[in-house]
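The values are calculated or read from the model by the stated rules, or taken from the named source; none is laboratory data. All values derive from a computational prediction rather than experimental measurement. Cβ atoms come from the backbone with ideal geometry, glycine included; neighbour counts cover every protein chain shown. Note: accessible area is taken over every heavy atom of the protein model, side chains too, but ligands, DNA and RNA are not part of it. Shrake-Rupley method; radii C 1.70, N 1.55, O 1.52, S 1.80 Å.
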Amino acid sequence: MALLAAVGVLALSGIAHADGLQDAIQEAITAGKVDAAAPVGYMGIPGAPQVNLLLGLIWAVWVGWIFSTVGAFGGIMASVGHITIFGLGDYASKSIGKKLTLNKIVTDSIRVSNQYLVGTSAALSTFNYWKMGRLVLPLGVALAVGSVSGSILVPILSAGKISLKMYLGWFGIFVLFLGCFLTWQLSPSGQRTQKKAKEAAKAFQDSVKKMKEGGEVDLSAQGVRVKSFAPTRCVFTFFGVEFDFNPVIPVIGGFIIAALASFLGVGGGFLLVPFLTSVAGLPMYLVAGTSAMAVLIGMASSIFSYMFLKNVPVQWSLIGAELVGIVIGSLIGPRTSKYLPDRALKILFIVLAVYVGLRYTTKGFLGYSIVPPF
């Protein structure tokens, strides 16, 4: 709520860091790419798309639900909204052209706006899953420690240097690769590496089934219990199944994932989910909460770097409307995910990854999408 109030106050002050934006608009007017007499749209740019705030709120409900359900795809779906649904991608790439500063400012603005949505959903999801006993706190902290440096370093190195076309292409390739990886995990050879995760998921599903049939079951009491913690080995249980991991590995993984996520302008959950299911061997019921905690720290660091070190502007009125939708979706997700089978959650993840990956890889490198909307 405090975040929403802060955004509301900032919304009344208009567009943040307007000096650089105004210089970029003037450059685009001089180059003949922007008509100074056209009605102002996104971020006050003449001729830019005028984003419907109600549409932004509704789309954000979906973003908040999907992220809080599978622990990923919040930033990716936020990107789909900003780039495609709201038309900012075509505007930046076709109307402005990739050489002008205004193109890069719009691109950076999309990246930061995505991260505001994901960061808010991550904060709510972290709290909700912790209450439900479905958050591996030591693992989330280890990932978060590594993610801070990666989230700060990449904005400093890349802000103002990435064209929208390049951003779209690499964004698509990363997502497509992860979809293929999780498809392999559902194969017989992949399933053999997930024995403990399947055992814990079955125990959790049996308890949920018993609760639906009227039995008295305390899900949180059987949730994550840390048995021991040392610099090289942490042991915990979930529904009677024991798991362990080396804390050094998630610290390194958190740095790499946060660096990639910050470059792409997303939360990193789509990288964290394969990491948590394959390296840590977690069932999907633990992945969403643990991923959300790591994403939260990374998003806070990355937003700070973009906004205060690189002066990237955003449209506060749009972000304010979207955050309302994010809160709604993020409150629903943790309460509905326990009714979805573990395998169904993975298949949902894969379908979204393949679709988004194909769309943005072809859009970025070929100039058109091979899947709808074309």
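Can you give the calculated 222 nm mean residue ellipticity of the chain, where each DSSP H run of n ≥ 4 adds -39,500 (n - 2.57) and the sum is split over every residue, rounded to the nearest 500 deg cm²/dmol?
Values: 14 runs with 240 residues, N = 374.
The helix contribution divided over the chain gives -21500 deg cm²/dmol.
So what is the relative contact order of the stretch 281-374, in percent, for Cα pairs below 8 Å that sit 6 or more residues apart? Let's see the in-between values first.
Details: 24 pairs, mean separation 23.4, N = 94.
Computed value for the stretch 281-374: 25 percent relative contact order.
Based on the mean of other beta carbon atoms within 10 Å per residue, what is the order of 119-132, 347-360, 238-251, most packed first? Don't skip to the end; give the middle numbers.
Details: 119-132: 23.7, 347-360: 20.2, 238-251: 17.9.
Listed from highest to lowest mean packing, they are 119-132, 347-360, 238-251.
Would you mind computing Rg(Cα) / (2.2 N^0.38 Å) for the chain, counting N as its residues?
On the way: Rg = 20.9 Å, N = 374, 2.2 N^0.38 = 20.9 Å.
Taking the Cα Rg and dividing by 2.2 N^0.38 Å, one obtains 1.00.
Could you calculate, for the stretch 227-269, the ratio of the Cα radius of gyration to the Kirkwood radius, expressed as Rg to Rh?
Numbers: Rg = 13.8 Å, Rh = 12.0 Å.
With Rg and the Kirkwood Rh in hand, the quotient comes to 1.15.
Below 8 Å between Cα atoms, with a sequence gap of 6+, how large is the relative contact order for the chain in percent? Don't skip to the answer; put the middle values down first.
Working: 689 pairs, mean separation 124.9, N = 374.
Once divided by the residue count of the chain, the mean separation gives 33 percent.
With every protein chain left in place, what is the accessible area per residue of the chain in square angstrom, probe 1.4 Å? Mind showing how you got there, number by number?
Details: 15110 Å² over 374 residues.
That works out to 40 Å² per residue.
In the structure shown, do any of 94/310; 196/338; 33/310; 131/196; 227/338; 210/346 have a Cα-Cα gap over 21 Å, and if so which?
Details: 94/310 25 Å; 196/338 18 Å; 33/310 24 Å; 131/196 23 Å; 227/338 24 Å; 210/346 23 Å.
Among 94/310; 196/338; 33/310; 131/196; 227/338; 210/346, the Cα-Cα distance tops 21 Å for 94/310; 33/310; 131/196; 227/338; 210/346.
Within straight cross-link reach of residue 209, meaning Cα distance under 17 Å, which aspartates and glutamates are found once same-chain residues fewer than 8 apart are removed?
Candidates past the 8-residue exclusion: 199, 218, 342.
Using only alpha carbon pairs under 8 Å that are at least six residues apart, calculate the relative contact order of the stretch 71-126 and give it in whole percent. It would help to have the intermediate numbers written out before the result.
Details: 33 pairs, mean separation 23.5, N = 56.
Rounded, it is 42 percent for the stretch 71-126.
Could you sort the peptides 60-66, 43-49, 71-77 by per-residue average Cβ neighbour count (10 Å cutoff), highest mean leading? Numbers along the way, then the final one.
Values: 60-66: 24.1, 43-49: 19.9, 71-77: 30.3.
The peptides rank, most packed first, as 71-77, 60-66, 43-49.
Using a 1.4 Å probe on the protein chains only, how many percent of the accessible area of the stretch 276-374 belongs to carbon and sulfur?
Values: 2540 of 3410 Å².
About 75 percent, which is the carbon plus sulfur part of the accessible surface.
Based on the mean of other beta carbon atoms within 10 Å per residue, what is the order of 281-287, 220-226, 306-312, most packed first?
Per-residue Cβ counts within 10 Å, averaged per peptide and sorted highest first, yield 281-287, 306-312, 220-226.
Which shape class, rounded, prolate or oblate, goes with the stretch 244-358 when its Cα gyration tensor gives a ≥ b ≥ c as root eigenvalues, a/c under 1.5 marks rounded, and past that a/b bigger than b/c marks prolate? Could you put the intermediate results ahead of the total?
On the way: a/c = 1.87, a/b = 1.25, b/c = 1.50.
Verdict is oblate for the stretch 244-358.
Positive end of the dipole of the chain, charges at C-beta (+1 Lys, Arg; -1 Asp, Glu), about the Cα centre: which of 269, 109, 205 has its Cα farthest in that direction?
After comparing all options, I get 205.
Is the stretch 184-255 rounded, prolate or oblate when judged by the Cα gyration tensor, a ≥ b ≥ c being the square roots of its eigenvalues, rounded requiring a/c under 1.5 and prolate requiring a/b larger than b/c? Don't skip to the end; give the middle numbers.
Working: a/c = 2.87, a/b = 1.41, b/c = 2.03.
Here the stretch 184-255 falls in the oblate category.
Given a 1.4 Å probe and the protein chains all in place, what does the accessible area of residue 369 round to, in Å² to the nearest 10?
0
For the chain, build the charge dipole from Cβ charges (+1 Lys, Arg; -1 Asp, Glu) around the Cα centre, then report which of 325, 87, 170 sits farthest towards its positive end.
My answer, from the dipole projection, is 170.
Give the shape of the stretch 71-162 as rounded, prolate or oblate, defined through the alpha-carbon gyration tensor: a ≥ b ≥ c are the square roots of its eigenvalues, a/c under 1.5 means rounded, and otherwise the shape is prolate if a/b is larger than b/c and oblate if not. The partial results should precede the final answer.
Details: a/c = 4.32, a/b = 1.86, b/c = 2.32.
It is oblate, given that a/c is not under 1.5 and a/b is not larger than b/c.
Taking the Cα centre as origin and putting +1 on Lys and Arg beta-carbons and -1 on Asp and Glu beta-carbons, what dipole magnitude results for the stretch 269-373, to the nearest 20 debye?
Working: 7 positive and 2 negative charges, 30 e Å.
Roughly 140 debye, rounded to the nearest 20.
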